[in-house]
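*Asks:* Quick one: the structure is below, questions incoming.
The values are calculated or read from the model by the stated rules, or taken from the named source; none is laboratory data. Owing to the predicted nature of the structure, the values given are computational and were not obtained by experimental measurement. Neighbour counts are summed over all protein chains in view; Cβ atoms, including those assigned to glycine, are modelled from backbone coordinates with ideal geometry.
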Amino acid sequence: MKRKSLGRGLEALIPEQKLLNEIPLINVDVEKIFPGEHQPRKTFDDIKLSHLVNSIKSRGIIQPIILKEENGGYKIIAGERRWRAAKIAGIKTVPAIIKDVSQRDAMELALIENIQREDLNPIEEAQAYKRLIEEYQLTHEELSEKVGKNRATISNYLRLLNLPKEVKNYLFEEKITMGHAKVVAGLQNQKDQISISKKVYETGLSVRTLENLVQNWGKTKKKKLIPSKASPEVFEIEEKLKRTLATKVKLFHNEKKNCGRIQIEYYSIDDLERILNFIK
């Protein structure tokens, strides 16, 4: 089957700033504009949006939004954040370029515009890559050329879509970072992925510390369980400390003298500071 042809990307619709004066712009009533159905962004960061609102209030909208006439109104192809910010800022009309494009081209441009110009959530960005690959039957290499990101980066994003729902929610809600998620994706067991992601969120593990923890995670899982010589009470406390501090902990308890010492492992100075702050 013949593959669909992917266009040149944003440059096919959005001109460079030096050419804007040569292209007819119209001011469109913000109430006649509606979002496109292919918008990959599901949420908008309130802080970033407020910054854009302030910028528009002081400087206006520098880059016009791209619209398509549809159903008596104008559908957004590129520039939804600018449109939302303009409405919040109380702007009645926005500068726009009206383009007559196919639904397929509109989808392509909406996805690429968000990937290239905005800070999409990693999950939203991964979903955008997946849609472009499936719609146009692209290889990762071909897609990397279209969106200006290397193949390894795209592959890492796509791996996120295989994570359990709980982990994807942590990432979507910014409870863990993209760096954390990449490390977690290296674990084979989904229960382990969920468990360790929860540790990251609850204890603030750095990516480097998480890498060390994951490396030792597999080794620990492979070891045969050996009955502890310590009392059940001591063993329970040891396990609780491990879960709480998110690291290896060993209790050396002298039953006769009823005293002992605690051995806590750390994997970097940052990790040590994290543990100390937690203990405080």
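*Asks:* Before we move on, is Ile176 surrounded by 18 or more Cβ atoms within 10 Å (Cβ to Cβ), part of a helix (DSSP H, G or I) and touching a residue at least 12 places away in the same chain (Cβ under 8 Å)? I'd like the intermediate steps shown before the answer.
*Replies:* Numbers: surrounded by 18 or more Cβ atoms within 10 Å (Cβ to Cβ): yes; part of a helix (DSSP H, G or I): no; touching a residue at least 12 places away in the same chain (Cβ under 8 Å): yes.
For Ile176, the condition - surrounded by 18 or more Cβ atoms within 10 Å (Cβ to Cβ), part of a helix (DSSP H, G or I) and touching a residue at least 12 places away in the same chain (Cβ under 8 Å) - is not met.
Quick grid of which residues meet (1) at pLDDT 50 or above; (2) closer than 23 Å to Glu108 by Cβ:
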{"residue": "Leu6", "(1), (2)": "no, yes"}
{"residue": "Leu10", "(1), (2)": "no, yes"}
{"residue": "Ile14", "(1), (2)": "no, yes"}
{"residue": "Asp29", "(1), (2)": "yes, no"}
{"residue": "His38", "(1), (2)": "yes, yes"}
{"residue": "Arg41", "(1), (2)": "yes, yes"}
{"residue": "Leu52", "(1), (2)": "yes, no"}
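*Asks:* Okay, next question. So, Ala96, is that one in a helix (DSSP H, G or I) and either of a type in the set (Phe, Trp, Tyr) or in contact (Cβ under 8 Å) with a residue 24 or more places away in the chain (or both) or not?
*Replies:* no
*Asks:* What residue, among those in the range 254-271 that are modelled with pLDDT of 80 or more and not in a loop (DSSP other than H, G, I, E, B), is farthest from the chain's Cα centre (by Cα)?
*Replies:* Cys259
*Asks:* Turning to a different aspect of this structure: Name the residue that is nearest to Val249 (Cα to Cα), counting only residues in the range 260-280 that are out of contact with any Ser or Thr (no Cβ under 9 Å at 6 or more places or on another chain) and surrounded by 12 or more Cβ atoms within 10 Å (Cβ to Cβ).
*Replies:* Pass one, the range 260-280, residues out of contact with any Ser or Thr (no Cβ under 9 Å at 6 or more places or on another chain): 260-263, 269, 272-273, 276-277, 279-280.
Remaining after also requiring surrounded by 12 or more Cβ atoms within 10 Å (Cβ to Cβ): 260, 262, 272-273.
Numbers: Gly260: 13, Ile262: 7, Leu272: 13, Glu273: 16 Å.
Here the residue is Ile262.
*Asks:* Could you tell me how many of the residues in the range 72-106 are within 26 Å of Ala128 (Cα to Cα) and polar (S, T, N, Q)?
*Replies:* 2
*Asks:* Considering only residues that are in contact with a strand residue (DSSP E or B) (Cβ under 7 Å, 6 or more places away or on another chain) and either outside the structural domain of Pro35 (by TED's automatic domain parsing) or assigned to a helix (DSSP H, G or I) (or both), look in the range 67-93 and name the one that is surrounded by the most Cβ atoms within 10 Å (Cβ to Cβ).
*Replies:* Here the residue is Ala86.
*Asks:* For Lys149, indicate whether it is more than 25 Å from Leu245 (Cβ to Cβ) and either among the polar types (S, T, N, Q) or at pLDDT below 90 (or both).
*Replies:* Here the answer is yes, as Lys149 does meet what is asked.
Quick grid of which residues meet (1) within 23 Å of Arg159 (Cα to Cα); (2) touching a Lys or Arg at 6+ places or on another chain (Cβ under 7 Å); (3) of a type in the set (Lys, Arg):
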| site | (1), (2), (3) |
| --- | --- |
| Ser50 | no, no, no |
| Pro64 | no, no, no |
| Ile77 | no, yes, no |
| Lys87 | no, no, yes |
| Val101 | no, yes, no |
| Leu120 | yes, yes, no |
| Glu124 | yes, yes, no |
| Leu138 | yes, no, no |
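Let's see how each residue does on (1) among the aromatic types (Phe, Trp, Tyr); (2) crowded, with 21+ Cβ neighbours inside 10 Å:
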| residue | (1), (2) |
| --- | --- |
| Ile112 | no, yes |
| Tyr129 | yes, yes |
| Glu134 | no, no |
| Gln137 | no, no |
| His140 | no, no |
| Glu145 | no, no |
| Gly148 | no, no |
| Arg151 | no, no |
